[in-house]
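Asker: Below: one structure in structure tokens.
The values are calculated or read from the model by the stated rules, or taken from the named source; none is laboratory data. Since we're looking at a predicted model, the values are computed, not measured. When we count neighbours, we look across all protein chains shown, and the Cβ atoms used for this are built from the backbone with ideal geometry, even at glycine. These area figures cover heavy atoms from the full protein model, side chains too; ligands, DNA and RNA do not enter into them. Shrake-Rupley method; radii C 1.70, N 1.55, O 1.52, S 1.80 Å.
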Amino acid sequence: MTTIRPLFAVLTISSSFLASAQFAPSDSLFNTDQVVEVDLDFGDNDAFWATLVQYYENDQGETLLGDVTITDQTGTWTYYNVAVDLKGNSSYSHPGNKKSFKIDFNDDIAGQKFHGMAKVHFNNCWSDPTFLREKIFFDYCQDHGVLAPRVLYANVTMNGTFWGFYNLVEAVDKDFLDRWIDDDNGNLFKAADNFGMGGGGGGGGSAEADLAYYGSAQASYTSRYELKTNETANDWSDLIALLDLLNNTTDAELIEQIPTRMAWDGVLRSLAMDNLFGNLDTYINSARNYYLYHDSTTFLWNWIKWDANMAFGAYPAQGQNALTLSPTYVANNRPLMERIMGIPTLRTQYLNAYCAVKEDFTNAYLDGRIDALVDLIAPHVAADPNKQYTLAQFNTNITSDITVTGGGPGGSQTLRGLKSFITTRANSLSGLLDCTAASVADGLEEPVLRVYPVPAVDRVEVQLPAGARMADLRLVDGMGREVPIEPSAGGFSVEHLASGIYRLTALTANGPVTANLVRR
């Protein structure tokens, strides 16, 4: 069993997106779980679907223009000449015409946005009978200091025909960066999909987004990653320098430099989160479905999640059982994971991060959340004529495993029940990772301010660094404005705070120590 010191579920300053997150128009949409009504109108174009399919198969970036009316809890909104295109790889094999797609609101009309967002994705929940895997996982990520898109639900109609019930997912683009990092001038890279290129941790792929170093030539990386911002400049030297650091430095150099080059705590939490939830169709296994963003202000690289419909162990990962997966699992040819696990200091830091995100991975914490979302979406799942699985499978898979066909390679596939996965995975980890021990590696004794629970509803408890006083605590909101608090008895009330992210500072003899507080 791996032993590691205890950590509360705390958001530390290295989770930089919370430290600088700004309130945004999109908050009015995503702050309330809801089912949005989306009505796409392509006019007299009866061949709109055949056109969308043809554009998808052409793979030339073509889009089809249409009008859309969206009704959410803030009102009804109509947008003209929005660009629509199909998307997805394995999800495109969803039976029938219920394909994933995205809407670009300002492609044809500059500045046109939906709640401040230029783009929104609609995922068909392929291989997920519960419609909840991505939603539950990304919500948990956000609540525990990990950058991930927000998710709602939508009933989609096209030219008067009900098309299906979808996940509505926040795009990872400049609007996302503005909201969560308060910087959108840096390079945003997406891991290329690389289907058919030997993914799944086998190491046989010729173009995996594996974070390996393949020399200084930019051409060596263009099939592995996609540059999503600053395309005209098309300068990949920062990414290549990061890969050089990850692969070619000594252990001592990497330990010293990595916290100055990456938002390191957030990166470690993100990697640990994938392992915890059995989200294996991503870097730690398939080397897909993640973004890297290079903040132009702090110069730190941020790790951003993407596409988690196969969380809760749904990805058939070449012999790996997500229920019993070791917390220190490393797939072949994953240099970042190899360096983390091979360097004791980094391994300890990773396991500390794992313990922090694992604390709330319990049925007591998650089952109520699952139940509330089931109550919200069950009638809409029942009404969807194009869903991949039956209503009975939806109901069963909330709590228990089901065996399905056509959901993945190799014919039949076992899809883990959400609640049963949490139970079994948590029990397995209790025998693999001891988060209660007091020992800690050298170099990790820096002053730490801890705030919990994350997120908070009515009160937070505070663990101060040595020498700090409760009376000296200062709290500021996302705009940098000081917010009054009344510390007492080891914490303070947050009932007067609006929902959002705040920065808490304690004063020590060695200077200020900062952590983040999330008010739900």
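Asker: Using modelled amide H (1.01 Å from N, peptide plane; none on Pro or chain starts), what sits under 5 Å from the amide H of Thr508, excluding residues fewer than 5 places away?
Answerer: Here the answer is Val513, since their amide H atoms fall under 5 Å of that of Thr508.
Asker: Under a Cβ-only charge scheme (Lys and Arg +1, Asp and Glu -1), can you give me the dipole magnitude of the chain about the Cα centre, in debye to the nearest 20? Mind dumping the intermediate values first?
Answerer: Details: 36 positive and 62 negative charges, 259 e Å.
In debye, rounded to 20, the chain gives about 1240.
Asker: State in Å² the accessible area per residue of the chain; use a 1.4 Å probe, count heavy atoms of protein chains only, and round to the nearest integer.
Answerer: Values: 19560 Å² over 520 residues.
I get 38 Å² per residue for this part.
Asker: If the convex hull of the alpha-carbon atoms of the range 201-315 is projected onto planes in all directions, what is the mean projected area in square nanometres?
Answerer: Numbers: hull surface 31.2 nm².
For the Cα atoms of the range 201-315, the hull's average projected area reads 7.8 nm².
Asker: Could I ask something else about it? Given an 8 Å cut-off on Cα distances and at least 6 residues of separation, report the relative contact order of the range 130-279 as a percent. Working shown, then result.
Answerer: Details: 142 pairs, mean separation 28.5, N = 150.
Result for the range 130-279 is 19 percent.
Asker: So what does Cys435 come to for accessible area, using a 1.4 Å probe and Å² rounded to 10?
Answerer: We get 30 Å² for Cys435.
Asker: Then there is this: Hey, can you rank 275-281, 217-223 by average C-beta count inside 10 Å, highest first?
Answerer: Numbers: 275-281: 25.0, 217-223: 14.0.
Those peptides, ordered most packed to least, come out 275-281, 217-223.
Asker: Something else now. What residues qualify as long-range amide H neighbours of Asp434, i.e. H under 5 Å apart, gap of 5 or more or another chain, H built at 1.01 Å from N?
Answerer: Thr2, Thr3, Ile4
Asker: Right, something else. Across all directions of projection, what mean area in square nanometres is found for the Cα convex hull of the chain? Walk me through the intermediate numbers first.
Answerer: On the way: hull surface 93.8 nm².
Directional mean of the projected Cα hull area for the chain stands at 23.4 nm².
Asker: Hey, another quick one. Would you work out which of Asn230, Met310, Phe189 lies farthest towards the positive end of the dipole of the range 172-311? Charges go on Cβ: Lys and Arg +1, Asp and Glu -1.
Answerer: Farthest along the dipole direction, towards plus: Met310.
Asker: Now for a different question. If you count, for each residue, the other Cβ atoms within 10 Å and average over each peptide, how do 146-156, 123-133 line up from highest to lowest?
Answerer: Working: 146-156: 23.4, 123-133: 26.5.
Those peptides, ordered most packed to least, come out 123-133, 146-156.
Asker: For an R0 of 22 angstrom, estimate the FRET efficiency from the Cβ-Cβ distance between Thr32 and Asp401 and round to the nearest 0.05.
Answerer: After rounding to 0.05, the efficiency reads 0.10.
Asker: Moving on. At a probe radius of 1.4 Å, what is the per-residue accessible area of Glu359, in Å² to the nearest 10?
Answerer: 90
Asker: Computing the accessible area with a 1.4 Å probe over protein heavy atoms, can you report the carbon and sulfur percentage for the chain?
Answerer: Ligands and nucleic acids excluded, carbon and sulfur give 49 percent.
Asker: Toward the positive end of the charge dipole of the chain, about the Cα centre and with charges on Cβ (Lys, Arg +1; Asp, Glu -1), which of Ser400, Ala212, Val169 goes farthest?
Answerer: Ser400
Asker: Still on this structure, I have one more. Please name whichever of Tyr56, Leu132, Val120 sits farthest to the positive end of the charge dipole of the range 34-150, dipole taken about the Cα centre and charges placed at Cβ: Lys and Arg +1, Asp and Glu -1.
Answerer: Projecting each Cα onto the dipole axis, the largest value belongs to Leu132.
Asker: Separate question: Quickly rank 499-506, 483-490 as a protection proxy: mean count of other C-beta atoms within 10 Å, highest first.
Answerer: Per-residue mean Cβ counts within 10 Å order the peptides as 499-506, 483-490.
Asker: Further question: What distance in nm lies between label points placed 7 Å from Cα along the C-beta direction at Ser296 and Arg474?
Answerer: That separation, rounded to one decimal, is 2.9 nm.
Asker: With a point put 7 Å past each Cα toward its Cβ, work out how far Tyr365 is from Asp244 in nm, to one decimal.
Answerer: With each label point 7 Å from Cα toward Cβ, the separation is 4.0 nm.
Asker: Turning to a different aspect of this structure: Step through the residues of the range 450-459 one at a time and calculate ³J(HN,Hα) from phi using the Karplus curve (6.51 cos²θ - 1.76 cosθ + 1.60, θ = phi - 60°), rounding each to whole Hz and writing x for Gly and Pro.
Answerer: 10, 10, 7, x, 10, x, 9, 10, 10, 7
Asker: Show the residues, 5+ positions off or on another chain, whose built amide H is closer than 5 Å to the amide H of Ala148.
Answerer: Lys305
Asker: I've got another one for you. Could you give me the ³J(HN,Hα) list for the range 374-388, computed from phi with Karplus coefficients 6.51, -1.76, 1.60 and θ = phi - 60°, whole Hz, x at Gly and Pro?
Answerer: 4, 4, 5, 9, 3, x, 6, 4, 4, 7, 7, x, 10, 5, 6
Asker: While we're looking at this one, here's another question. Tilt of helix 251-261 relative to the longest C-alpha principal axis of the chain, in degrees (0 to 90, nearest 10)?
Answerer: Long axis of 251-261 versus the principal axis of the chain: about 60 degrees.
Asker: Moving on. Show me, for the range 30-38, the HN-Hα J-couplings you get by feeding each phi into the Karplus relation (A = 6.51, B = -1.76, C = 1.60, θ = phi - 60°), rounded to Hz, glycine and proline as x.
Answerer: 8, 6, 10, 5, 7, 10, 8, 9, 10
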